[in-house]
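Here's the structure, in structure tokens; my notes come after.
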């Protein structure tokens, strides 16, 4: 009898912890994302700047979406409103239509002035690729 009670309590505890973790995930995914800028990229090895067009707001994370053509992203540098710069190594090959992992920005929410990207493209048969920069509030 005690064993049945123990198993029932354990099952209830498991169910409650699953609901709690789902709630945390749902809250995290419901944070608003904003398109910060778009850049059409050139062929070959290059560096481009995406000026952030968000008129106001501070951000805790970034995400990159690649469209139209594959891109090999080497790194990016985030330039904040207070003058600080954070370099982030990506070293990732993006297929057309893919997106990066969520890139968390450490510290408090900060205003982003621009993001510099280093990349290369190899597929000349398809139109130029496009990089979208998204920020999470």
- prompt: In segment 72-97, what count of residues is obtained for those that are in a loop (DSSP other than H, G, I, E, B) and on the phi < 0 side of the Ramachandran plot?
  reply: 5
message: Can you say whether residue 40 is under 21 Å from residue 101 (Cβ atoms), out of contact with any helix residue (DSSP H, G or I) (no Cβ under 6 Å at 6 or more places or on another chain) and either at pLDDT 90 or above or assigned by TED's automatic domain parsing to the domain that holds residue 98 (or both), as far as the supplied structure shows?
response: no
field: Residue check, residue 128 modelled with pLDDT under 90 and surrounded by 12 or more Cβ atoms within 10 Å (Cβ to Cβ)
entry: yes
Any hit, segment 98-105, residues being over 12 Å from residue 64 (Cα atoms) and part of a loop (DSSP other than H, G, I, E, B): yes
message: I'd like to check something: does segment 114-121 contain any residue that is loosely packed, with under 14 Cβ neighbours inside 10 Å and in contact (Cβ under 8 Å) with a residue 12 or more places away in the chain?
response: no
message: Any residue at all in segment 63-78 that's surrounded by 13 or more Cβ atoms within 10 Å (Cβ to Cβ), touching a strand residue (DSSP E or B) at 6+ places or on another chain (Cβ under 9 Å) and closer than 13 Å to residue 136 by Cα?
response: yes
field: Residue count, segment 89-104 (criterion: over 19 Å from residue 34 (Cβ atoms) and either out of contact with any strand residue (DSSP E or B) (no Cβ under 9 Å at 6 or more places or on another chain) or surrounded by 14 or more Cβ atoms within 10 Å (Cβ to Cβ) (or both))
entry: 5
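The values are calculated or read from the model by the stated rules, or taken from the named source; none is laboratory data. Being a predicted model, the structure only gives us computed values, none of them experimental. Don't worry about glycine lacking a Cβ; one is built from the backbone with ideal geometry, like all the others, and counts go over all protein chains shown.
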